[in-house]
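Have a look at the structure below before the remarks.
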Amino acid sequence: MTEISSKPKITSLDIARSWCKENGFIFPSSEIYGGFAAVYDYGHYGYLLKENIKKLWEKSMSQERNDVLLLDSAIFMHPKTWDASGHLSSFSDVLIEDKKTHVRYRADHLVEDWLNSKTKEELEQIATQLTNESVKEMVVKRNLDKATPEEIYEIMKVSKFPGLENYTVPRNFGLMVKSNLGVTDGTITDENAVYLRAETCQGIYLNFKNVLQSYRMKLPFGIAQVGKAFRNEIVARQFIFRTREFEQMEMQYFLHPSMMSQKFEEWKNIRMNWYIETLGINPKRLRFRDHDKLAHYASAACDIEYKFGSIGEFKEVEGIHARGDWDLGNHQKFSGENLDYFDQETNERFIPHVLETSVGLNRCVMMVIEDSLYEEEFKDTDGSKNFRTVMKIKKTLAPIKVAVLPLSKKMELQNKSIEVQSMLKTHFFTQYDETGSIGKRYRRQDEIGTPYCVTIDFETLNDNCVTVRDRDTMKQDRVSISDLTDYLLVNLNS
């Protein structure tokens with residue numbers, strides 16, 4: 001096989017949604033009722049891909065290290081948690097509403113779209129009419145993510161935003177999702193409200209003391225967990241990149257403040273290498289981006305961004321933050337519990353500082369699919385041109401590792417194929433497929449990223465050998481059934 005050309009398959013969000021649904025990776029939630037905005041269900045292949053990413057993250061974070069332990073904290077936490085974290089007072093987006101249609105928008109996104117229609121010269125002219133230097137910078141960069149309602153409204157007026165009189169004045173909109181847990185009459189008040197967690201890291205902070213004591217840990221050490229979080233997004237868009245229910249893979253690394261600068265750089269390199277070496281992401285589509293504005297408690301913040309073809313720009317997949325002692329300090333203040341650390345070697349007592357790495361698991365799934373899915377035009381051995389869609393995903397990530405394909409529906413071949421699949425099932429996720437021509441079945445497996453197809457033909461009944469086809473090269477090997485498991489184990493781990 002000689003490859004002629006190869007180009008990315010996912011070039012728009014519509015293609016991403018359509019491909020994921022058609023191939024059983026991701027479905028719109030509650031679709032038979034018309035769907036449920038910004039919520040998605042993962043099908044068999046999507047679930048397996050997500051779990052494989054999760055397992056590789058847990059392996060690199062904890063299994064291969066001695067200084068990071070795993071945790072699975074509850075989604076519901078004491079309401080005071082969110083007072084201490086600052087979420088109840090400041091965790092919000094800016095909402096604006098059309099007075100006539102009552103359609104709600106994220107004000108920063110709405111105005112950014114307007115600014116994107118302007119030339120560089122026009123943006124600079126708008127900026128000169130603004131008084132605040134940071135707001136001027138937001139306009140020039142077309143990034144209003146950190147803007148207040150008042151700042152956005154000022155930009156709208158100065159830039160002569162079209163139809164301004166048809167919109168409400170921008171206001172903050174809380175992103176915490178309330179629940180009536182334990183309330184029998186269904187009435188939620190500020191006094192009895194509980195919340196679905198907006199981030200997983202708070203459960204780690206609440207268990208810092210338990211982990212420290214139960215496992216006799218010494219600084220520096222980390223606590224890592226994977227779990228769901230929930231946000232009441234005004235408008236969630238961009239497919240699974242931004243949803244109201246999502247999964248995070250977070251690690252909080254507790255250390256002495258004197259170590260923060262060194263460890264921050266170390267973890268930046270560790271995390272970037274994980275994407276390139278473990279997930280196999282194209283390094284040309286990855287970059288670091290330092291934050292222009294830091295939270296009041298942070299000394300450094302950096303994102304790892306991936307250039308999504310479906311979105312058309314670099315977007316964050318992971319944040320790395322030097323958070324200081326703000327988190328543990330606030331929980332100590334609000335709870336009254338002592339959360340400091342005593343270093344017996346230096347005779348020093350202090351509240352540990354926190355270095356955070358926070359990954360969006362859903363965004364990782366989207367990134368891996370985009371980065372590995374290609375349309376190929378190639379020449380067959382007879383010289384004829386052919387086309388295929390192939391997911392050249394890392395073998396460790398592939399949802400299905402081996403497909404078992406009887407060459408025909410003859411009973412003896414079916415029985416032999418089921419026998420071979422039963423042998424392989426104890427080691428791999430497999431799939432049995434007998435529908436359509438062998439070429440079409442190869443193409444189906446190529447598209448979902450299956451590394452190897454095992455074909456049982458009539459010769460198998462005589463020589464007890466099968467044909468193993470490689471997804472990437474399309475090369476075929478004849479392998480004895482007795483050697484098949486070892487052959488696959490070696491090649492899947494290569």
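Inside the stretch 290-302, residues that are surrounded by fewer than 14 Cβ atoms within 10 Å (Cβ to Cβ) and assigned to a strand (DSSP E or B) make up a count of 1. Considering only residues in the stretch 469-489 that are in contact with a strand residue (DSSP E or B) (Cβ under 7 Å, 6 or more places away or on another chain) and farther than 18 Å from residue 388 by Cβ, the one that is surrounded by the most Cβ atoms within 10 Å (Cβ to Cβ) turns out to be 488.
For the stretch 426-441, the set of residues classified as exposed (fewer than 14 other Cβ atoms within 10 Å of the Cβ), among the β-branched types (Val, Ile, Thr) and under 15 Å from residue 456 (Cα atoms) consists of 435 only. Per the listing 231, 237, 244, the residue uniquely at pLDDT below 95 and within 19 Å of residue 10 (Cα to Cα) is 237. Evaluate the following for residue 73: is it surrounded by 15 or more Cβ atoms within 10 Å (Cβ to Cβ), among the polar types (S, T, N, Q) and outside any helix (DSSP H, G or I)? Yes, satisfied.
Annotation: residue 366 fulfils all but one of (1) surrounded by fewer than 18 Cβ atoms within 10 Å (Cβ to Cβ); (2) closer than 30 Å to residue 26 by Cβ; (3) modelled with pLDDT of 95 or more; the unmet one is (1). Residue 423 passes every criterion in (1) in contact (Cβ under 8 Å) with a residue 12 or more places away in the chain; (2) surrounded by fewer than 19 Cβ atoms within 10 Å (Cβ to Cβ); (3) assigned to a loop (DSSP other than H, G, I, E, B) apart from (3). Taking the stretch 12-46 as the search range and keeping residues that are surrounded by 14 or more Cβ atoms within 10 Å (Cβ to Cβ) and among the hydroxyl-bearing types (Ser, Thr, Tyr), which one is farthest from residue 103 (Cα to Cα)? Top of the filtered list is 45.
Taking first residues from the stretch 110-138 that are in a loop (DSSP other than H, G, I, E, B) and partners that are among the hydrophobic types (A, V, I, L, M, F, W, C), the Cβ contacts under 8 Å between residues at least 6 apart in sequence or on separate chains come to 118/126; 129/158; 130/139; 130/155; 130/158.
Only residues that are surrounded by fewer than 19 Cβ atoms within 10 Å (Cβ to Cβ) and β-branched (Val, Ile, Thr) were counted in the stretch 235-259, giving 1.
Scanning the stretch 260-275 for residues that are charged (D, E, K, R) and surrounded by 15 or more Cβ atoms within 10 Å (Cβ to Cβ) turns up 263, 268, 271. Out of 15, 32, 10, I need the residue that is in contact with a helix residue (DSSP H, G or I) (Cβ under 6 Å, 6 or more places away or on another chain) and either modelled with pLDDT of 90 or more or of a type in the set (S, T, N, Q) (or both). Which one? The unique qualifying residue is 10.
When the residues of the stretch 112-166 are narrowed to those that are of a type in the set (A, V, I, L, M, F, W, C) and over 20 Å from residue 292 (Cα atoms), which ends up nearest to the chain's Cα centre (by Cα)?
The qualifying residue nearest to the chain's Cα centre (by Cα) is 114.
In the stretch 104-125 there is at least one residue that is surrounded by fewer than 18 Cβ atoms within 10 Å (Cβ to Cβ) and touching a strand residue (DSSP E or B) at 6+ places or on another chain (Cβ under 8 Å). Taking the listed residues 393, 351, the one that is out of contact with any Phe, Trp or Tyr (no Cβ under 6 Å at 6 or more places or on another chain) and in the same structural domain as residue 61 (by TED's automatic domain parsing) is 351, with no other qualifying. Just wondering, is there one or more residues in the stretch 276-284 that are buried (at least 19 other Cβ atoms within 10 Å of the Cβ) and outside the structural domain of residue 134 (by TED's automatic domain parsing)? Yes; the residues of the stretch 276-284 include at least one that is buried (at least 19 other Cβ atoms within 10 Å of the Cβ) and outside the structural domain of residue 134 (by TED's automatic domain parsing). Residues in the stretch 349-376 that are part of a helix (DSSP H, G or I) and over 10 Å from the mean Cα position of the chain (by Cα): 4 in all.
Of the residues making up the stretch 78-109, those that are closer than 30 Å to residue 328 by Cβ, assigned to a helix (DSSP H, G or I) and not small (Gly, Ala, Ser) number 6. Here residue 354 meets each of (1) of a type in the set (A, V, I, L, M, F, W, C); (2) under 20 Å from residue 87 (Cα atoms); (3) surrounded by fewer than 18 Cβ atoms within 10 Å (Cβ to Cβ); (4) in contact (Cβ under 8 Å) with a residue 60 or more places away in the chain with one exception, condition (3).
The values are calculated or read from the model by the stated rules, or taken from the named source; none is laboratory data. Here the structure is a predicted model, which means the values were calculated and not measured. Note: ideal-geometry Cβ built from the backbone for every residue, glycine included; neighbour counts use all protein chains shown.
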